[in-house]
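To keep things clear, I will list the structure first and then write my remarks on it.
The values are calculated or read from the model by the stated rules, or taken from the named source; none is laboratory data. What you see is a predicted model, and the numbers here were worked out from it, not measured in a lab. Don't worry about glycine lacking a Cβ; one is built from the backbone with ideal geometry, like all the others, and counts go over all protein chains shown. Surface accessibility is based on the protein's heavy atoms, side chains included, excluding ligands, DNA and RNA. Shrake-Rupley method; radii C 1.70, N 1.55, O 1.52, S 1.80 Å.
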Amino acid sequence: MSGKVQRILVVEDDLSILTGLSINLRIEGYEVLQAQDGRVGLAKALDEAPDLIVLDIMLPELNGFDVLKELRQRGRDTAVVMLSAKGMETDKILGLNLGADDYVVKPFGLQELMARIKAVLRRRHPVSGAPPVTFGDVEVDMVGKTVARAGKAVELTAQEFKLLTHFLAHPGRTFSREELLSGAWGFDYEGSARTVDNFVRQLRLKFEPDPESPRHFLTIRGLGYRFDR
C-alpha cells in the first residue's frame, strides 16, 4: 500500500477519545474520518471505503456489533479494531465471530492501540506483488487471500486463513495456544485451548498428507504448536 495514504474511520461517541486518537493518527500520516454514532459511522464506512475502522461498541443509534454485522452482510471486508469498556469473554467471541480483526478494552494505552492498528493494516494490506508462499503441495497467495493444494483451490474460513498466515509468518517457532489466539486473531482472549485445537485440526485435514501424522502443523507436547515447511 506504499504511495497511498491510508484512511482510518474512527467511530467513537466519547469526544475526548475521538479527538485524541484522531490527532495521533494524523501525526502518523493517516487520513482520518470521524463519526460519533453508529448510523453515521456505518454510512461513512460504506461511502468512504476506509482501510480500517476503529469501532466503539457502546454507540448511540446503532451499536458497534450491529455496524460490523451490517458491513459484513453487505460484503464489506474492511479491517475493524473494536473498542469496548466491556472485558467479558462473550463480547470478544461475538466480535471475532462477526469478523473483527482486533478487540481492545478500555482504558487502553494509546501507543498500544496505535501498534495494534498498524499490525492489522500490515496483515490486511501486504506488499503488492509478493510471491506466493509454498509448503508441501500447498500454495498460498497472501495478497489475493487464496489457497491451492496440488493446483486445486482450498476453501478456508476467515479465521482459518488468519491462523494459517500467522503460522506461515513464523516457521519453526513454537507457540502456546494463548499466543496463537492473540497473534492470529488479535484478541486478548483467554478462552479454552479447544478453540485453537479445533482450528489446527481443520488445517491438518485440509493440508496434511496424513492428518493423523502431520508434517507441517506439529503438536509440541506441553508447549503448543509449531509450523514446519
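Grab the eigenvalues of the alpha-carbon gyration tensor for region 46-113, scale each by 5, take roots, and send me the semi-axes largest first in whole angstrom.
So the equivalent ellipsoid measures 19, 14, 11 Å along its semi-axes.
Give me the percent relative contact order of the chain, please, defined on Cα pairs under 8 angstrom at least 6 residues apart.
13
What residues have an amide H closer than 5 Å to that of L33, excluding those fewer than 5 places away on the same chain, when H is modeled at 1.01 Å from N in the peptide plane?
Distant-sequence amide H within range of L33: I8, L9, V10.
Which residues' amide hydrogens lie under 5 Å from the amide hydrogen of V104, considering only partners 5 or more residues apart or on another chain, with H built in the peptide plane?
Excluding prolines and chain starts, which carry no amide H, the hits are M82, L83, S84.
Hey, if we sort V105, V120 by accessible area with the 1.4 Å probe, largest down, what's the order?
The most accessible residue leads, giving V105, V120.
Rounded if a/c is under 1.5, else prolate if a/b beats b/c, else oblate: with a ≥ b ≥ c from the C-alpha gyration tensor eigenvalues square-rooted, which is the chain?
prolate
What GluC sites (Glu not before Pro) does region 99-168 have in DSSP loop regions with at most 10 other beta carbons within 10 Å?
E155
Could you give log10 I(q)/I(0) at q = 0.16 Å⁻¹ for region 7-124, computed by the Debye formula over C-alpha point scatterers of equal weight, without solvent?
Reported log10 I(q)/I(0), two decimals: -0.65.
Using R₀ = 30 Å, calculate the FRET efficiency as 1/(1 + (r/R₀)^6) where r is the Cβ-Cβ separation of F108 and V143; round to 0.05.
0.45
What value, in deg cm²/dmol to 500, does the helix sum -39500 (n - 2.57) over DSSP H runs of n ≥ 4 give at 222 nm once divided by the residues of the chain?
That comes out to -12500 deg cm²/dmol.
With only alpha-carbon atoms counted, please give the Rg and Dmax of region 65-156, in Å.
Both quantities, over Cα of region 65-156: 16.2, 48 Å.
Give me the extension gain from A158 to I220: residue separation times 0.36 nm, minus the current Cα-Cα distance, reported in nm with one decimal.
So the chain would gain 19.8 nm between A158 and I220.
If one computes P(r) from the Cα atoms of region 133-227, what percent of pairs lie at distances over 20 Å?
Result for the distance tail: 30 percent.
Over region 7-124, what is the mean sequence separation of C-alpha contacts under 8 Å (at least six apart), divided by residue count, expressed as relative contact order in percent?
22
Determine the per residue accessible area of region 1-51 with all protein chains present and a 1.4 angstrom probe, expressed in square angstrom.
In whole numbers, region 1-51 has 50 Å² accessible per residue.
If I stretch the segment between E178 and S213 completely, what's the gain in nm (0.36 nm per residue apart, minus their alpha carbon distance), one decimal?
Full-extension gain reported as 10.2 nm.
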